[in-house]
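FYI, it's all coordinate maths here, none of it is from the lab. As the structure is a prediction and not an experimental result, all values here were calculated from the model. Every residue, glycine as well, gets a Cβ built from its backbone with ideal geometry; the counts of neighbours run over all protein chains shown.
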Amino acid sequence: IPLPYLSLVEDVRLLKSDEQNPNRMTLKQQEQVWRSLQNYGWTYPIIVNKDGVFADGEQRAQVCILHKEFFAPVLRLSVSDVDRRLLRQILNKLKGKHNKVG
């Protein structure tokens, strides 16, 4: 974890999903995320609202939990639920692939 992110470290098991994330990863993609975290570390934090509901990084958190890595940098933003959802959509479109069903 980069030095500037150390003050942001939290237990990702305590974060919450709204179960509305349109992104889905294959097992191969999950392993690629894990390898990337091992090789390059946390290049940007998980983003949640003040209540700990994911805006960005839910997949990374799930991968970490699967590998028994429970602590990661988490940036908490004071945003409304509508803004959290908009933020997720913007960030997912920038770097993700949406599941068109649902």
Label corresponding to Rg and Dmax of the Cα atoms in Å when calculated from the structure given, among (1) 14.7, 47; (2) 12.6, 35; (3) 13.1, 40: (3)
Modelled FRET efficiency - R0 25 Å, residue 23 with residue 78, Cβ distances, 0.05 increments: 0.55
Two-site label geometry, residue 43 and residue 90: point separation in nm, points 7 Å out along Cα→Cβ: 2.0
Share antiparallel - DSSP beta bridges, the chain, percent rounded to 5: 55
